[in-house]
Amino acid sequence: MTNTVKIDDKNIATIEMTIDAQTAKKAYDNTLRAYGANINIAGFRKGKAPASVVEKYVGSDRIKMEVIDRLFPSEFQKVIADNKLNIAFTPAIEKYDFELGSDLKITASVELKPEIKLGAYKDVKVEYEEFKHPENALERELEMTQKRFSTLETVERAATEKDTVVFDFEGFVGDEKIEHGEGKNYTLDLANSNFIPGFAEGLVGHSANEEFVIDVTFPAEYHEEKLKGAKAQFKIKMNEVKERTMPELNDELAKKAGKDTLELLKEDIQKYLDNIAKNHNDRAKSDAIFNKVSETTEIEIQDSMLNREYDAVVEEAKMGAAQQGADFDKLVEAEGKDTVEAKFREEAAKRIKNSLIVEKIAQVADLKIEQKDIMEHINQMAMMYGMAPTQLFEEMRKNPNSFAAISQQITANKVNEYLLENNKFSAK
């Protein structure tokens, strides 16, 4: 096979490949025999019709197209490898010249990924926003453990801001009842209320069997349009006031939490807190170095590539809106079509640039994916989904794109580890 490659200013490569006549003829004859062995033609036993009859029955154009479909992928991959082309999209056959006895000539086009001038990606000094737990983080976690094993006991007194109350309520704006604004025997921890501001405070100081009214104002940013900033009244009937009794912080509590002693419980909680801090700071470091690399990397993304990614971002947004039961078109209208489009295009450009940077760093740093990397990733996914690894593997084989997605994720992880190991970080 011989080939020529021409690349235009839009990063489209036009490939003219020539497959010798003998190879093309052999592929044609093989395809013809395969058809002959599998079709039924009147007057002949299956597989016994002469080649000339089969050819006439099937049609030479159809056979030629199948030959091209079979030969093109492997020949195209050779062109890609020989010319070191970094393709961005599926190739398209523009035209072909296929006459038996002559060389098969195919003209194809394929979009290439843009050239990338990679910025500094190692031995870089990077500052990051350090995550630190509050000084009383351990005490707060211990208090939460106490609360997990606490008890609620009914008391005959007025509620304080630390109590839990059980009550009936009915809400009104003016004379109009608030839709879904009522409840019976609702339980509320007054110290951790998810009601609108002022509601929980209005329950403090009241005892069981009291009936009273709370005046509140809905927040200006409330999610329901007609209630934004609205003044409302809630009719309340207090049913119970409950006091929380916390267990002592001792070895007995530790045993309930799965540790032999209080000291071991504290050590376990501290390890948990340290791990959270490490994960936060690793992400902060990753973001900081990646942003640094991105700022100094030059890429000119062609419109066709950007438009495809933009369409993908839009589709994801539509699916996200649908999953939340929202009307995508109305959301766009509320935010402004131009604003949304600009935001989506910015996101599309960022995704493409990030993907190309990851790919380039993996290439120059020689970060290769091995079979064990893929199997480890599949094992982790199987554990997350509660499936056997073999079952997940079989499911993935039905969709070859899933393996490409895994490879991209593994590559991104390897690049991330490389950046963390090969740069110098200091907290701001």
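Quick notes on this structure:
- From the C-alpha gyration tensor of segment 285-418, square roots of 5λ in Å: 30, 24, 13
- Solvent-accessible heavy-atom area per residue, rounded to whole Å², over segment 279-428 at 1.4 Å: 65
- Span from the segment 40-113 Cα centroid across to the segment 1-36 one, whole angstrom: 7
- Two-decimal ratio, the chain, of alpha-carbon radius of gyration to 2.2 N^0.38 Å: 1.53
- Length-normalised contact order of segment 152-264 in % [C-alpha pairs under 8 Å, at least 6 apart]: 33
- Gain on full extension, evaluated as 0.36 nm per residue between residue 51 and residue 263 minus their Cα-Cα distance, stands at 67.8 nm.
- Working from Cα pairs under 8 Å separated by at least six residues, relative contact order for the chain is 17 percent.
- Sulfur and carbon atoms: percent of accessible area, the chain [1.4 Å]: 48
- Lysine pair count for segment 229-291 with Cα-Cα distance under 21 Å and sequence separation of 8 or more or different chains is 7.
- Residue range of the chain that is longest and free of GluC sites (Glu not before Pro) which are both DSSP loop and sparsely packed (at most 14 other C-beta within 10 Å): 1-98
- Pairwise FRET efficiency - residue 77 versus residue 186, Cβ, R0 = 60 Å, nearest 0.05: 0.40
- Computed per residue of the chain from DSSP H runs no shorter than four, each worth -39500 (n - 2.57), the mean residue ellipticity at 222 nm is -16000 deg cm²/dmol.
- Greater than 26 Å apart at Cα, pairs in 132/162; 10/95; 10/414; 353/414: 132/162; 10/414
- Each Cα pair under 8 Å and six or more residues apart adds its sequence gap; the mean of these over the residue count of segment 182-248 is a relative contact order of 29 percent.
- Here each label is just a point 7 Å from Cα along the line to Cβ, and for residue 140 and residue 365 those points are 3.4 nm apart.
- Qualifying aspartates and glutamates (Cα of each under 19 Å from Cα of residue 424; at least 8 residues distant if same chain): 123, 127, 129, 130, 282, 287, 295
- Checking every one of the chymotrypsin sites (Phe, Trp or Tyr not before Pro) in segment 83-166 against DSSP loop status and a limit of 14 other Cβ atoms within 10 Å picks out 89, 149.
The values are calculated or read from the model by the stated rules, or taken from the named source; none is laboratory data. A quick note: this is a predicted structure, and the numbers were derived from the prediction, not measured. In this analysis, Cβ positions are derived from the backbone assuming ideal geometry, glycine residues included, and neighbour counts consider all displayed protein chains. Side chains included, ligands, DNA and RNA excluded: accessible areas come from the protein's heavy atoms. Shrake-Rupley method; radii C 1.70, N 1.55, O 1.52, S 1.80 Å.
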